[in-house]
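The values are calculated or read from the model by the stated rules, or taken from the named source; none is laboratory data. Small disclaimer: the values here were computed from a predicted structure and weren't measured. We place every Cβ from the backbone using ideal geometry, glycine too, and count neighbours over all the protein chains shown. The accessibility values were calculated without ligands, DNA or RNA, using every heavy atom of the protein model including side chains. Shrake-Rupley method; radii C 1.70, N 1.55, O 1.52, S 1.80 Å.
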Amino acid sequence: MTIEMNRRSVLRTAIGVAGAVAAAPLLSACGSGGASKAGANTKQGIAAALPSYLPSSAVAADIPSVTGAHGATTDPGFLKYPADQVRTVSGVPGKGGSYTAVTPLWGTIPAVGNSFYQAMNKALGATLTMQPANGNTYNNTVPTLTAAKKLPDWIQLPGWWNDQLNVGELCATQLADLTPYLAGDKVKDYPNLAAVATGAWQAGIWDDKLYGIPTFFSGQAFSGQFYYRADVFESKGISPDEVRSIDDLYALGAELTNAKAGVWAFDDLWTWLAQPFGISQKFTVVDGKLVSMYEQPEYLEALSWVYKLAKAGYVHPDALAGNNNDAKTRFYSGKVLVTGDGQGAWNAADAQSGAAADKAYRRESFALFSADGKAVPSIYLSPSAGMFSYLNKKLTPDQIRECLAIADFLAAPFGSAEYTLVNFGTEGVDYTMGADGPEYTKAGQADVQQQTYPFLATPTNVVSNPGFDQITKDRCAWNAAAGKYAYKPVFWNMNITVPGRYATAVGAQTLLDTTKDVYHGIKPVSAYQDALTAWKRSGGDAMVQWHQANVLDKFGAGQ
């Protein structure tokens, strides 16, 4: 199991919690009552708080990162697990301290005091008592700790719960300011942390101070893309290069749909239509004025298009019924031939699951295209990191330094000796080294595979699918090509504390429910327009204006 696979499962959970369009939220809405403070960061404050970026050269990737538009860097690709696990940390990072750490876990919680935990503590030179909690109820567990002011020494707070967990307030009251230890060249004391992407650190800054240690981060994060069954396209003589506009995509409906045979061209595509239509992540700026994505003409155009798609009978009936849990099964079995999904869907595990249903199975992705096929395509960058660990404010400076040294060990690059221990355990006990890299033993499956330490600190994400080289090559090539068209959306990587009175308008649940009814073909597009009018009157306009006055006018767009 690699960090990428773990991150994929985590992001699936995030999507389930947050909903379709809001799966990768633009801002961290952290309202507590009627707070009027924006909580955003100034350019000067960000510059002063950010650690210097010093990429690591300890482990060489088979497919190096490439830099795209606006400084976005692709995740490096590894065709094989590095044969020599180099050490990046000399000695042990700890100084004998004892700390508690709480992290979410979507799986079976390992036994307390297992041999892997013991091996980790020996390697760390400190006692780090891991206390993983049920990820499905984690958003209810943390508030109990914060209300009693009994946070552990180290805790993971997923960004998609920033509002519910009141992270903005916690940073000011219960979490440690890491700026004095990591800002600028101070991070050089922790070389692996210095290799963390700048954007990932920026997403952990609140009120011009650095609090969050990013985990499972990327230098170029996209919310997802369109995928197609390459094996079926090839058998039908369909070239994916012919899909250069939204009309070309629509034309596949008639060509691929055979309802009598139980085959439909499309699954639910709504979330992924933001890319070709150019829908913003949350806001856009027109002539200096902030405009909600819900009011963009492109939003209505996309909704009209997908409504037409549903009414034409080209979308699988189960998708129209809102059954998204079986979307992958429909794709694997060939009941759906074009779908949308996150980037993590394109990997070795997917190839194995697809081959179990159809030996010819092969997933590939369309190149980016614009709705009309004439404009230059674009794709917005999602937040560089969506998960962060935080240290308790009660820790002394020496304890904070010790924890940061431990974090530096945990952030060692893919394939290093430290990475191998953190992610696979002890050779001969938790894993054996196979032709394609570490393979878990039964003990490793129980104690290590259900990851805990990576929720505290990780290296940059990588693309690695041992035994499936072509997938790694194709995905890295797609990322490099897409990166040329990347842009930073409004308020990118900014944490914004939104007053609680705007919570309903930010959530826009009624508007999203109506949107869903339209793209499922249940209600006409006019129903969305009516819902939009009601949303604007009931707080939408006021919420947008608050962001205009308190964030855009004071701090800029973060681009």
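Within the range 291-314, how many residues turn out to be open to solvent by less than 50 Å² (accessible area, probe 1.4 Å), under 27 Å from the mean Cα position of the chain (by Cα) and not aromatic (Phe, Trp, Tyr)?
Counting residues in the range 291-314 that are open to solvent by less than 50 Å² (accessible area, probe 1.4 Å), under 27 Å from the mean Cα position of the chain (by Cα) and not aromatic (Phe, Trp, Tyr) gives 7.
Residues checked against (1) assigned to a loop (DSSP other than H, G, I, E, B); (2) in contact with a helix residue (DSSP H, G or I) (Cβ under 6 Å, 6 or more places away or on another chain); (3) in contact (Cβ under 8 Å) with a residue 40 or more places away in the chain:
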{"position": "Gln451", "(1), (2), (3)": "yes, yes, yes"}
{"position": "Thr460", "(1), (2), (3)": "yes, no, yes"}
{"position": "Pro466", "(1), (2), (3)": "yes, no, yes"}
{"position": "Lys473", "(1), (2), (3)": "no, no, yes"}
{"position": "Asn479", "(1), (2), (3)": "no, no, yes"}
{"position": "Met494", "(1), (2), (3)": "yes, no, yes"}
{"position": "Ala505", "(1), (2), (3)": "no, yes, no"}
{"position": "Leu512", "(1), (2), (3)": "no, no, yes"}
{"position": "Gln529", "(1), (2), (3)": "no, no, yes"}
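Can you pull out the residues in the range 106-136 that are in contact (Cβ under 8 Å) with a residue 40 or more places away in the chain and within 15 Å of Trp154 (Cβ to Cβ)?
Of everything in the range 106-136, those that are in contact (Cβ under 8 Å) with a residue 40 or more places away in the chain and within 15 Å of Trp154 (Cβ to Cβ) turn out to be Tyr117, Met120, Leu124, Ala126, Leu128, Met130, Pro132.
Answer yes if at least one residue in the range 121-129 is in contact with a Gly (Cβ under 8 Å, 6 or more places away or on another chain) and on the phi > 0 side of the Ramachandran plot, and no otherwise.
Yes, the range 121-129 contains at least one residue that is in contact with a Gly (Cβ under 8 Å, 6 or more places away or on another chain) and on the phi > 0 side of the Ramachandran plot.
With respect to the numbered conditions (1) within 25 Å of the chain's Cα centre (by Cα); (2) open to solvent by 10 Å² or more (accessible area, probe 1.4 Å), which one is the sole condition not fulfilled by Glu418?
(2)
Within the range 118-149, how many residues are aliphatic (A, V, I, L, M), under 25 Å from Ala405 (Cα atoms) and not in a helix (DSSP H, G or I)?
4
Taking into account only those residues within the range 208-221 that are open to solvent by 10 Å² or more (accessible area, probe 1.4 Å) and either under 22 Å from Asp153 (Cα atoms) or modelled with pLDDT of 95 or more (or both), which is nearest to the chain's Cα centre (by Cα)?
My answer is Tyr211.
Of these, Gln470, Gln449, which one is in contact with a strand residue (DSSP E or B) (Cβ under 6 Å, 6 or more places away or on another chain), open to solvent by 30 Å² or more (accessible area, probe 1.4 Å) and of a type outside the set (Asp, Glu)?
Going through Gln470, Gln449 in turn, the sole match is Gln449.
Given the residues Thr514, Thr510, Thr458, which is the only one that is open to solvent by 50 Å² or more (accessible area, probe 1.4 Å) and β-branched (Val, Ile, Thr)? Can you show your working first?
Working: Thr514 fails: open to solvent by 50 Å² or more (accessible area, probe 1.4 Å); Thr458 fails: open to solvent by 50 Å² or more (accessible area, probe 1.4 Å).
Just one listed residue meets the conditions, Thr510.
Can you name the residue in the range 55-77 that is in a loop (DSSP other than H, G, I, E, B) and open to solvent by 80 Å² or more (accessible area, probe 1.4 Å) and is also farthest from Asn479 (Cα to Cα) among such residues?
Step one: list which residues in the range 55-77 are in a loop (DSSP other than H, G, I, E, B), which gives 55-62, 64-66, 68, 72, 74-76.
Now drop any that are not open to solvent by 80 Å² or more (accessible area, probe 1.4 Å), which leaves 55, 57, 60, 62, 64.
On the way: Pro55: 20, Ser57: 21, Ala60: 19, Asp62: 15, Pro64: 12 Å.
Out of the qualifying residues, it is Ser57.
Determine the pairs where a residue that is more than 18 Å from Thr88 (Cβ to Cβ) and charged (D, E, K, R), located within the range 192-213, has a partner that is open to solvent by 10 Å² or more (accessible area, probe 1.4 Å) and modelled with pLDDT of 95 or more with Cβ atoms under 9 Å apart, the partner being 6 or more residues away or on another chain.
Here the result reads Asp208/Ala48; Asp208/Thr179; Lys209/Asp177; Lys209/Thr179, each pair linking the range 192-213 to a residue that is open to solvent by 10 Å² or more (accessible area, probe 1.4 Å) and modelled with pLDDT of 95 or more.
Please go through the range 41-54 and give me each residue that is open to solvent by 20 Å² or more (accessible area, probe 1.4 Å) and farther than 19 Å from Val462 by Cβ, ordered by number.
Correct list: Thr42, Lys43, Gln44, Ile46, Ala47, Ala48, Leu50, Ser52.
Could you list, in sequence order, the residues of the range 537-559 that are open to solvent by less than 60 Å² (accessible area, probe 1.4 Å) and without any contact (Cβ under 8 Å) to a residue 12 or more places away in the chain?
If the condition is that a residue be open to solvent by less than 60 Å² (accessible area, probe 1.4 Å) and without any contact (Cβ under 8 Å) to a residue 12 or more places away in the chain, then Ala549 is the only one that fits.
Take the range 514-527 and flag every residue that is among the hydroxyl-bearing types (Ser, Thr, Tyr) and in contact (Cβ under 8 Å) with a residue 12 or more places away in the chain.
Selection gives Thr514, Thr515, Tyr519.
Taking interchain pairs and intrachain pairs at least six residues apart, which have beta carbon atoms under 8 angstrom, with the first residue in the range 253-272 and touching a residue at least 24 places away in the same chain (Cβ under 8 Å) and closer than 13 Å to Lys236 by Cβ and the second surrounded by fewer than 23 Cβ atoms within 10 Å (Cβ to Cβ) and basic (Lys, Arg)?
Partner pairs satisfying both residue conditions: Leu256/Lys236; Val263/Lys335.
Given the residues Trp160, Trp201, which is the only one that is in a helix (DSSP H, G or I), modelled with pLDDT under 95 and open to solvent by less than 60 Å² (accessible area, probe 1.4 Å)?
On inspection, the qualifying residue turns out to be Trp160.
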